[in-house]
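Enquirer: Have a look at this one before I ask anything.
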Amino acid sequence: MNYSITALAAAAVLAAQGALANDITVGLSWNSKTQPLEAAWEDYMKAEAERQGAAAGVTITWVINVADADPSRQASNIEDLITQGVNVIVARAEDAGAIGASIRAANAAGIPFVTFDRASGTVAPTAHVGGDSYDQALTTATAFADLMKEQGIEGKCIELQGALTDVNAINRSKGWTEIDAARPEISTLVQVPTEWNPELFRSGMANALRAHPEANCAFIASDFAITAVQSALEEVDRWAPAGDARHFWLATQDLLPGAVPLMEGGYIDVSTTYDAFKHSEELVRVVIALSKGEDPMCGPDGCLAKGRVVTPATIATIENLWSKTYK
Amino acid sequence: MTVPPPVLTMTGLRKAYGTVQAVSDGRLTARAGEVMALLGANGAGKSTMMNLLGGLVSPDAGQIGIAGQAVSFAGPTDAIRAGIAFVQQELSVFGSMTVAENVFAGAFPTRAGRIDRAAMQSQARALLAQLGATIDVGRPVDGLSTGDRQMVEIARALRARPRILIFDEPTSSLSGREKALLHTAIRDLKAQGVAIIYISHFISDVFDICDRITVMRNGETVAERLASQTDQAGVVRLMLGEIGAAGRIVPDDAVPGPVALRVVGLTAPPRIREASFDLHRGEILGIWGLLGAGRTELVRGLLGLDGPVAGRIELHGPNGLAPVPPRDLRAVTAFVTEDRRGEGLLLPFSVSDNIALPNLDALSQGGVVQRGRVRELALRLIRTLSIKVSGPAQRAGTLSGGNQQKVVLAKWLAGAPTILILDEPTRGLDLAAKDDILRLAVDLAGQGVAVLLISSELEELMRVSHRYLIVRERCVAGTLPGHATEAELIAALSAPVAVQVPA
Amino acid sequence: MMRGVLNYGFPLILAGLVVLFGVLSPSFLGLANAMGILHAMVPIVVVATGMALVVMLGKLDISVGAIGFAGMSMAAMLIDGAGWSPLAASAAALGVGAALGALNGFVVVVLRVNPLIATLGTMIAFRGLALQITDSRVMVLPDAMRNFGNWTIGPVFFDVLLAGAILLAVHLVHRETPFGRTITAIGNDEAAARRIGLPVGRTVFACFVISGVLGALGGVLGAAQVGAVTTFLGKGMEFTAVAVVVVGGISLFGGRGSVFWGVLLGALTFEIIRAGLNHVGANPYFYQLIGGGIIFVAMYAAALKARETRLQD
């Protein structure tokens, strides 16, 4: 009798351990959750967790907290996650410096820590998942060069650069410049710094158009302020959709909500998304790998998710485009 | 003789600031068409009386009456409305604005919201003409002389057609010519029926322009006299009270101590041509000479402050007189000049910090300044020199001129100097403070310090000098004994005299 | 009165720059570019006009950029969330500017906090408030507003006329009204101004309110030009406004300079440099260096002239 109970107990424990191995809890610490982008990320993560989890035989339970843009609140939130004994911690840092303390605490507790979208400044996490801004530019530039070739146009472009202190801006310029050098279909007439200031997008574009009336295209390092570029083009009567003789060819980055209707209307020709879906997809992959004790195989800058090229032709049908569906 | 009724009567006024009774019995009367002087040493209560009159503070007791009516002022605007205007010692002029704008600051004539410049300029011109001044009213005040700026300020005061106009130390920054112009302007105002109160410590100016004199001392009004019925000496006596009239305060027959400093052939052309003299312990050697004779250059050259000098300087040491470089002399010499602000009084610092500054080594232990020692030293010197402060922590900038000068002295005395050089130490101080400084010099000499005193006021030199050093055209011409008369001293400035040549 | 142009070396340098850029890029000298430069200058001119008054007092208001952002954020929320018309929402933004300016005035005049410290604090507070209101989102403005922001009457942009009118009005108020003269007096010597009974407190308070309103207006006009409100609106604008005022010859000590010429020359300097560098296609990494170098030369010329003037005193 005793023997069977012990065996049953052992079996139960083994069964439980086995179940635990396929059942992981992921602690997710948001710095804030007020924007459509953040809501999209979370939904995509949950959806991907189900899909990838089913394929990998893993059930993911989420423990989520939000820090209201307060670094110390986020630190204590992560403390809670550590205390609860989650299997993996994922955090979008409010402050690149402050997150280091939380990373160290997680390391001490033996819990893998993944930084999401925003990198840690000082302490290295177990893994970083973010967008590949360099690839964003490469794919857009390539697709744009293809477009120019197809249209039989020699693209003489104005490059509007982001703040040169921002690594994303630097990466995007690098990508564009590389393709510009390799492809005869596009050439850059002038580089205009905008310091991410919409007013400088407008005035910089306007000045470049005056200095280079032969320009017929532009590469815009982010379309968060696309209306500023629109203003400048309207001034010289070159704001028109493709098909119109006045059309000015535009290649942008990010395809944010403000830019979606403009691409649908044919004003923007090519963009590569700041892809919430791809980020979430990659994040879940990394989380599952870490929970199994595997190496997620990240590059030197982290596990960077590539965005997807979108054009007026594909924008209607592309799936999981957060900037289209989330408001 | 009918005397017009007083425009202003201040009676029985009392005002205390905390525990300090600034005014205990303030009385002042002013009549239309008359200039009334208000005299008193610093701390006598003049400023408080003026603050009461100006509505800046209210009296604890007493009454102010304007044209027979009792008034009480809630603030400066009430005083202005009652017809009281001030011309302060510190001018309130705005450099980048025009003369006309300055005169009408706060009361611009307007037309439909805009300043009526034509009216403003013509009225400003008229006001200045009342004062006999012909300044271009369209030009900025920047670049005007002090006298002209004062005229602008007076014009502004006149703009409100005051009944009572108060001048506070109006001539301290004026040249002789400007002073004359100012007094002419005041006479004109008098003739126009304004009651004028004139506060000054230049007693000769007072007698030049004033009809009556009110004297305050220690917070009380002690006298009111017609100017014609008193004289400078009388007024000084009233101001200083029992302190005593000006007179010699060193004995004529004092025996000099041993030689503390011997100077032979000090030369630094063209500043110093040839200087030789002895300075004894415990004596005050009064350096007497005309303006430009080279007295200041002499003492500065002695200390090596203006570049290298030729000649021999011998200091009394453990083995008698021995030659020393200027640096060594500086180490044992205190040098107090008339330029209090420029020569090392840090106005934002406290009295004790100022005193401590050149003596930090002695007041430190292991590189850390000992606050206790600093305080002790400061208190001792405050007592010794009778510096009027609320405490050693009081900011030097808030002290009166005389007390500031005492703090400068205290600074140097803390280092127990062998030699004390005073270069016009009483310039700009009121009578009581002058007296204090001179008495301090005498006390220090009594303790064995050797004192060199430069003063342009012969009476001052004559009060305290044991001997006189005559400086003429950059040379030392010789010396005169302490009992020399005024005539002898003045004569020594021009012709060679039978002088005592140092051994 | 040419007294407003304190120095001749400086405008000459400006003229020289125009010629240089014109030679390197002929389109720089065209009418379109001149109009474009004036148009781009509008937000900073409006904000610097308010700043000029505060600087004339001998004080600073470094919260104006944050006020511009806060006001316009409020307006964007009203348009987006409550369906207000852009005109009404812009008026509300100006109201916010006045209220925030009044808060600044209160802290400086009543609480007697040093203006630099006070407005540093309010700058942080106002920006934080605006970020809270908008959740740091990009808010696209209605086309009608963007069209207004870029509306031209003939070759001239309407907002240039508006900014010019405001600048001229403030200049005249400063030069020709008792209020304006009191500002100058306070800037010359605040203690003296108090002594002679000038309404110092009221005047300082009023200037901070004006600075707030013009800061908000600058935010509105800037957002109207680009058609969106982003978190970049107004960032650093206060420092640019101070730089414009200083470069234009208005003394930071207060009481000296011409509002009209000061703001105009200062803003022109910065915009001409930027537009010129855009036109010649200068390497973006060198913008700051070149821009800084030109400003340095211009300021040196101004300092030489100012030293001469002061020596005459």
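Enquirer: Rounded to two decimals, what is Rg over Rh for the stretch C:132-205 when you use alpha-carbon atoms and the Kirkwood radius? List each step's numbers first, then the result.
Expert: Details: Rg = 20.0 Å, Rh = 16.0 Å.
Reported Rg/Rh (Cα atoms, Kirkwood Rh): 1.25.
Enquirer: Thinking of the stretch C:20-162 as a set of Cα atoms, what percent of all their pairs are more than 28 Å apart? Present the calculation step by step, with values, prior to reporting the outcome.
Expert: Details: 3349 of 10153 pairs.
In whole percent, the share of Cα-Cα pairs in the stretch C:20-162 beyond 28 Å is 33.
Enquirer: Quick one: compute a quarter of the convex hull surface over the Cα atoms of the stretch B:360-503 and quote it in nm².
Expert: 11.2 nm²
Enquirer: Can you find, among B:Asn102, A:Asn207, B:Ile272, the residue farthest towards the positive end of the dipole of the protein assembly as shown? Put +1 on the C-beta of Lys and Arg, -1 on that of Asp and Glu.
Expert: Farthest towards the positive end: B:Ile272.
Enquirer: Below 26 Å, Cα to Cα, which lysines can B:Lys190 reach? Residues fewer than 8 away in the same chain don't count.
Expert: Here the lysines satisfying the reach criterion relative to B:Lys190 are B:Lys46, B:Lys179.
Enquirer: Full extension from B:Ala331 to B:Thr267: what is 0.36 nm times the residue separation minus their Cα-Cα distance, to one decimal in nm?
Expert: Stretched out fully, the B:Ala331 to B:Thr267 stretch lengthens by 20.9 nm.
Enquirer: Taking just the alpha-carbon atoms of the stretch B:345-416, what radius of gyration and Dmax come out, in angstrom?
Expert: That works out to 11.1, 36 Å for Rg and Dmax.
Enquirer: Taking H as built 1.01 Å from N, whose amide H comes closer than 5 Å to the amide H of B:Gly219, not counting residues under 5 places away?
Expert: The list, which skips near neighbours in sequence, is B:Gly45.
Enquirer: Run the simple label-point estimate for C:Ala32 and C:Gln288 please: 7 Å along Cα→C-beta, distance reported in nm.
Expert: For C:Ala32 paired with C:Gln288, the spin-label model returns 3.2 nm.
Enquirer: Charges only on Cβ, +1 for Lys and Arg, -1 for Asp and Glu: so what's the dipole of the protein assembly as shown about the Cα centre, in debye to the nearest 20?
Expert: In debye, rounded to 20, the protein assembly as shown gives about 3560.
Enquirer: In percent, what relative contact order does chain C have, based on Cα pairs under 8 Å that are 6 or more apart in sequence?
Expert: Here the relative contact order equals 36 percent.
Enquirer: Mind checking the alpha-carbon convex hull of the stretch B:6-242 and giving the volume per residue in Å³?
Expert: 130 Å³
Enquirer: When the Karplus curve 6.51 cos²θ - 1.76 cosθ + 1.60 is applied with θ = phi - 60°, which whole-Hz ³J(HN,Hα) does each residue of the stretch A:46-55 get, with x for Gly and Pro?
Expert: Values, residue by residue: 4, 5, 5, 4, 5, 5, 5, x, 4, 5 Hz.
Enquirer: Quick one: of the DSSP bridges fully inside the protein assembly as shown, what percent are antiparallel, nearest 5?
Expert: In the protein assembly as shown, DSSP labels about 40 percent of beta bridges as antiparallel.
Enquirer: If you don't mind, there's one more thing I want to ask. What's the percent breakdown of Cα-Cα distances in the stretch A:244-312 across 10 Å bins, shortest bin first?
Expert: Answer for the stretch A:244-312: a P(r) of 19, 36, 22, 16, 6, 1 percent.
Enquirer: Separate question: For a label point 7 Å from the Cα of A:Gln52 along Cα→C-beta, name the residues of the stretch A:129-158 whose backbone N is under 16 Å from it.
Expert: Within reach of a label on A:Gln52, which here means backbone N under 16 Å from a point 7 Å along Cα→Cβ, the stretch A:129-158 contributes A:129-132.
Enquirer: Normalised by the empirical 2.2 N^0.38 Å for globular proteins, what value does the Cα Rg of the stretch A:133-273 take?
Expert: For the stretch A:133-273, the normalised Cα radius of gyration is 0.92.
Enquirer: Quick one: C:Tyr285, A:Tyr267, fewest Cβ neighbours within 10 Å first, how do they rank?
Expert: The most exposed by this proxy come first: C:Tyr285, A:Tyr267.
Enquirer: Averaged over all directions, how much area does the convex hull of the C-alpha atoms of the protein assembly as shown cover when projected, in nm²?
Expert: 66.7 nm²
Enquirer: Next up: Let's see if you can work this out: charge +1 on each Lys and Arg Cβ, -1 on each Asp and Glu Cβ, no other charges. What is the dipole magnitude of chain C about its Cα centre, in debye to the nearest 20?
Expert: Values: 17 positive and 12 negative charges, 130 e Å.
Here the size comes out at about 620 debye.
Enquirer: Please list the three semi-axes, largest first and in whole Å, of the ellipsoid equivalent to the stretch C:23-83, using sqrt of 5 times the eigenvalues of its alpha carbon gyration tensor.
Expert: 30, 22, 8
Enquirer: Give me the one-decimal nm value for the distance between modelled label points at B:Glu459 and C:Arg202, 7 Å along each residue's Cα-to-Cβ direction.
Expert: 5.1 nm
Enquirer: Above 17 Å lies some portion of the pair distances; for the stretch B:308-434, what is it as a whole percent of all C-alpha pairs?
Expert: Summing the P(r) of the stretch B:308-434 above 17 Å gives 61 percent of all pairs.
Enquirer: Which aspartates and glutamates, if any, have their Cα less than 16 Å from the Cα of A:Lys278, not counting same-chain residues under 8 positions apart?
Expert: A:Glu38, A:Glu42, A:Asp43, A:Glu48, A:Glu50, A:Asp117, A:Asp132, A:Asp135, A:Asp254, A:Glu319
Enquirer: What Kirkwood Rh does chain A have if only Cα atoms enter the pairwise 1/r average? Answer in Å.
Expert: 21.6 Å
Enquirer: Could I ask something else about it? Return an integer: the convex hull volume of the alpha-carbon atoms of the stretch B:35-152, in Å³ per residue.
Expert: Convex hull of Cα atoms, per residue: 156 Å³.
Enquirer: Could you give the spread of the C-alpha atoms of the stretch A:208-297 along their three principal axes, from largest to smallest, in whole angstroms?
Expert: Extents along the principal axes: 58, 25, 20 Å.
Enquirer: With no solvent and one equal point scatterer per Cα, compute the Debye intensity ratio I(q)/I(0) for the stretch C:231-299 at 0.19, 0.28 Å⁻¹ and report its log10, rounded to two decimals.
Expert: For the stretch C:231-299 at q = 0.19, 0.28 Å⁻¹, log10 I(q)/I(0) is -0.81, -1.24.
Enquirer: To continue, here is another question. Taking R0 as 56 Å, what FRET efficiency do you get between B:Ala233 and B:Glu376 from their Cβ-Cβ distance, rounded to the nearest 0.05?
Expert: Details: r = 42 Å, r/R0 = 0.75.
E(calc), rounded to 0.05, equals 0.85.
Enquirer: Can you list the HN-Hα couplings for the stretch A:204-220, worked out from phi with the Karplus curve (6.51, -1.76, 1.60; θ = phi - 60°), rounded to whole Hz and with x for Gly and Pro?
Expert: x, 5, 4, 4, 4, 5, 5, 6, 10, x, 7, 5, 10, 8, 8, 10, 10
Enquirer: Separate question: When the label point is put 7 Å from the Cα of A:Val236 along its Cα-to-beta-carbon vector, which residues of the stretch A:154-182 have a backbone N closer than 20 Å?
Expert: Of the residues in the stretch A:154-182, A:154-162 have backbone N under 20 Å from the label point off A:Val236.
Enquirer: Still on this structure: Given a Förster distance of 41 Å, report the FRET efficiency between A:Arg104 and B:Val368 from their Cβ-Cβ distance, rounded to the nearest 0.05.
Expert: Step by step, r from the Cβ atoms, then E = 0.55.
Enquirer: Where both partners of a DSSP beta bridge lie in chain A, what percent of those bridges are antiparallel, to the nearest 5?
Expert: If I count the DSSP bridges inside chain A, around 5 percent turn out antiparallel.
Enquirer: Assuming 1.002 mPa s and 20 °C, estimate D for chain B with Stokes-Einstein, Rh taken as the Kirkwood radius over Cα pairs, in µm²/s.
Expert: Estimated diffusion coefficient is 84 µm²/s.
Enquirer: How high is the relative contact order of chain A? Use alpha-carbon pairs under 8 Å, at least six apart in sequence, and give a whole percent.
Expert: Dividing the mean separation by the residue count of chain A yields 17 percent.
Enquirer: State, to one decimal in nm, how far the label point of C:Tyr300 lies from the label point of C:Phe253, with both points 7 Å from Cα in the Cβ direction.
Expert: Inter-label distance under the simple model: 2.3 nm.
Enquirer: Using a 4.7 Å cut-off between beta carbons, which cysteines in the protein assembly as shown end up with no partner cysteine at all?
Expert: If one checks each Cβ against the other cysteines of the protein assembly as shown, B:Cys210, B:Cys475, C:Cys207 turn up with nothing under 4.7 Å.
Enquirer: Run down the lysines and flag those whose C-alpha is under 30 Å from the C-alpha of C:Lys59, throwing out any fewer than 8 positions away in its chain.
Expert: List returned: C:Lys235, C:Lys305.
Enquirer: If the viscosity is 0.692 mPa s and the temperature 37 °C, what Stokes-Einstein diffusion coefficient in µm²/s follows for the stretch B:8-78 when Rh is the Kirkwood radius over Cα pairs?
Expert: 262 µm²/s
Enquirer: Normalise the Debye intensity by I(0) for the stretch C:2-311, one equal point scatterer per Cα, no solvent, then take log10 at q = 0.07 Å⁻¹ and round to two decimals.
Expert: -0.27
Enquirer: Over chain B, what is the relative contact order in percent, taking alpha-carbon pairs closer than 8 angstrom and at least six residues apart?
Expert: Reported as a whole number, the value is 15 percent.
Every number in this text was worked out from the coordinates using simple rules, so none of it is lab data. Not measured: the values here are computed from a predicted model. Counting neighbours? That spans all protein chains shown, and the Cβs are built from the backbone with ideal geometry, glycine included.
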